[in-house]
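Since every read-out is calculated from the coordinates, none of them should be taken as a lab result. Keep in mind that what you see is a predicted model, and the values were worked out from it rather than measured. FYI the Cβ positions are ideal-geometry reconstructions off the backbone, even for glycines, and counts take in every protein chain you see.
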Amino acid sequence: MNPDADGTSANRSDDAGLWVGFGLAEAAAGAKVGPAPVADILAGGRRLRHRRRTVVGAVALASVVALTGGALAELRPAPAASHRLSPAGTGGAAVAPAAAPTAGPSAPATPGVRDPFTPVRVRLGQGVVNGRTWELWQALWPVAPKERAYEQALAVWQERAPYDPAVTKPTEDFVLHYYDPDSDVTNTYFTLDGVRLGHDSEGITPSPGKLDPRAADLFGGGLEGHRGKGDTVAPLDVVHLSIGPAVGRVVVTWADGTTTEPQPVTVGDSPTRHLVVARPGAMRAKSWQFFDTNGNKLPDAGAKYLTEPAS
């Protein structure tokens with residue numbers, strides 16, 4: 001969608017600084033640092049806009065996110081078909097049962113019931129590299145009432161901490177100060193041969209019915225499993241994108257001319273959908289194209305995920 005087409009660009013200009021800060025918070029947590037992967041840090045695409053209050057909180061949290069491996073922000077889209085998957089295997093992400101290997105206690109969600117202490121788990125993507133099976137999972141914790149928000153934050157921390165000592169214990173003051181009644185909590189992590197890895201990411205995503213309409217054709221994301229140069233647990237480069245409801249298809253063209261069209265995955269009743277694209281071996285991406293649900297091409301805003309050589 002052209003930001004000027006509906007005459008709202010002027011109204012959005014005052015948000016520009018906030019969205020930039022929001023995108024940096026998200027990218028800092030999910031992208032490598034160094035000469036080769038700088039493009040992945042900067043390639044935020046058309047970043048999803050949360051409510052103004054949420055974005056302000058995200059900017060304030062940026063430094064904490066970078067230290068704890070958390071990533072702030074996510075979204076939602078519409079149906080997209082899988083085209084030609086890359087040789088590495090991934091893309092069309094399969095939805096798995098609610099419980100994930102070594103993921104901590106969880107139970108299948110009861111239809112119509114949102115329990116802030118029973119996360120819904122879905123496998124966003126999977127593949128095999130060097131004979132080992134990797135999976136990218138997301139656990140979604142429905143928003144808790146404010147009086148129980150700290151209790152929920154502790155539950156999320158208790159699940160994450162055994163896999164990553166760098167994850168810091170939250171404080172009640174911090175949780176209550178940035179409490180957002182319109183956002184669910186997400187935790188995205190890798191498993192390798194069924195064993196959960198560290199360097200996961202924690203974030204927020206709009207609760208059902210709370211997605212800002214301005215986010216309809218926005219998208220953003222970055223590398224998962226990376227904390228910095230040479231500091232990664234991911235067995236390969238994997239990009240995780242969140243997309244808005246008006247984004248229908250994403251097509252990646254690789255240096256050899258082959259293409260990947262990842263299949264969107266929804267976690268529980270979240271309005272956010274997710275796309276996972278893994279690098280095929282050492283292949284570089286030549287281009288990324290984004291289309292709305294009517295098949296019209298969307299501006300990619302300079303998306304350059306995986307366009308640099310593998311490090």
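Footprinting exposure proxy ranking of Ser242, Ser207, Ser183, fewest other C-beta atoms within 10 angstrom first, gives Ser207, Ser183, Ser242. Neighbours of Gly127 by Cβ distance under 12 Å: Lys/Arg scored +1, Asp/Glu scored -1, total +1. Note that segment 200-217 has calculated 3J(HN,Hα) couplings of 7, 9, 10, x, 9, 8, x, 6, x, x, 10, 6, 4, x, 5, 8, 3, 10 Hz, one per residue in order, obtained from phi through the Karplus relation 6.51 cos²θ - 1.76 cosθ + 1.60 (θ = phi - 60°); glycine and proline are x. Residues whose amide H lies under 5 Å from that of Ser207, counting only those 5 or more places away or on a different chain, are Ser183, Asp184; hydrogens are built 1.01 Å from N in the peptide plane. Label-to-label distance for Arg148 and Glu172 is 1.7 nm, based on points extended 7 Å past Cα in the beta-carbon direction. What shape does segment 128-280 have by the C-alpha gyration tensor, where a ≥ b ≥ c are the square roots of the eigenvalues, rounded means a/c under 1.5, and otherwise prolate means a/b greater than b/c and oblate the rest? Oblate, because a/c is 1.5 or more while a/b does not exceed b/c.
What FRET efficiency comes out for the pair Ala301/Thr258, r = Cβ-Cβ distance, R0 = 25 Å, nearest 0.05? According to the calculation, E is roughly 0.55. Hey, how many Å between the Cα centroid of segment 274-292 and the Cα centroid of segment 157-208? Each part's Cα centre sits 26 Å from the other's. Using θ = phi - 60° in the Karplus curve 6.51 cos²θ - 1.76 cosθ + 1.60, the 3J(HN,Hα) couplings for segment 288-300 round to 10, 10, 10, 10, 7, 5, 9, x, 7, 6, 9, x, 8 Hz; x is entered for Gly and Pro.
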